[in-house]
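Report on the structure given below.
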Amino acid sequence: MMSCRNSIGCVDPMLLAPTCVFLASKVEECGIISSTKFPSTCQQVVKKFSYAFKSDLPYCYRMGHILECEFYLLEMMDCCLIVYHPYRPLTQYVADIGQEETLLPLAWRIVNDTYRSDVCMLYPPYLIALVALHMACVVHQKDCKQWFAELSVDMDKVLEITQHMLQFYKTWKSYDEQKEIRGILAKAPKPKTSSSTRAGSSKSRPESTSGKALVSGYEGR
């Protein structure tokens, strides 16, 4: 959800992630999230995935931090909350081919998997939808060559994205999350905190790479 013009290295992901969820719930009209239950839910998530996080450190952010981070997030996104996903073009493509029951479930899952990779940040949604459909056709051995041949798209890009996803699935087979995720998170960049940062202070702010404070209350861990 964060703009690709800004590095995630300027903010603690433990604050940015719940802020994105909180903002997305408003955009998708999912109802009001309780300001008292939301931070406690974040704490429960940290405890649930204790193998990924340092279990001796509590979730230190409060709703005030999330609300303030929301304003900075909106600023970084230029207040543009329209997000295009591959799902809509995918359903249109499958309907055009006429094999919804066979191809759509698998293609839909492949689109879900693209969000675990960099593909969604590098390529437009309609191409990702075509890749998911193409891979589903191959798996189910459906001959849709003529349909793809009639498209006015760069098939080299489609093949390029396909290679990304095949490499992703190859890596995923040997990936052990419980053993590797803590080391990965430990390498994640942390924001530079100002010299005035104090424990428990909600006024101190980290310095982002652009020279602007993105969030408040971050305490280096």
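The values are calculated or read from the model by the stated rules, or taken from the named source; none is laboratory data. Being a predicted model, the structure only gives us computed values, none of them experimental. We place every Cβ from the backbone using ideal geometry, glycine too, and count neighbours over all the protein chains shown. What goes into the accessible areas is simple: the full protein's heavy atoms, side chains included, and nothing from ligands, DNA or RNA. Shrake-Rupley method; radii C 1.70, N 1.55, O 1.52, S 1.80 Å.
Details
- In the range 86-120, residue farthest from the chain's Cα centre (by Cα) [restricted to those that are crowded, with 16+ Cβ neighbours inside 10 Å and small (Gly, Ala, Ser)]: Ala107
- Residues within the range 170-189 that are loosely packed, with under 12 Cβ neighbours inside 10 Å, touching a helix residue (DSSP H, G or I) at 6+ places or on another chain (Cβ under 9 Å) and within 15 Å of Thr114 (Cα to Cα), tallied: 0
- Contact map, the range 143-169: first residue open to solvent by 50 Å² or more (accessible area, probe 1.4 Å), second residue not β-branched (Val, Ile, Thr), Cβ cut-off under 6 Å, separation 6 or more or different chains; pairs are Lys157/Leu127.
- Top-ranked residue in the range 18-58 [being surrounded by 11 or more Cβ atoms within 10 Å (Cβ to Cβ) and either on the phi > 0 side of the Ramachandran plot or among the aromatic types (Phe, Trp, Tyr) (or both); ranked as nearest to the chain's Cα centre (by Cα)]: Phe22
- Checking each residue of the range 61-75 against the condition of being open to solvent by 30 Å² or more (accessible area, probe 1.4 Å) and at pLDDT below 85 gives no match.
- The residue pairs whose first member lies in the range 68-86 and is touching a residue at least 12 places away in the same chain (Cβ under 8 Å) and within 26 Å of Val111 (Cβ to Cβ), whose second member is open to solvent by less than 70 Å² (accessible area, probe 1.4 Å) and among the small types (Gly, Ala, Ser), and whose beta carbons are closer than 6 Å, counting only pairs six or more residues apart or on different chains, are Met76/Ser3; Met77/Ser3; Pro86/Ala129.
- Extreme residue, farthest from the chain's Cα centre (by Cα), among residues of the range 121-175 that are β-branched (Val, Ile, Thr) and modelled with pLDDT under 90: Val153
- The lone exception for Val83 - which of (1) buried (at least 16 other Cβ atoms within 10 Å of the Cβ); (2) at pLDDT below 90 it fails: (1)
- Ala129 vs. criteria closer than 30 Å to Thr19 by Cβ, open to solvent by less than 10 Å² (accessible area, probe 1.4 Å) and among the small types (Gly, Ala, Ser): yes
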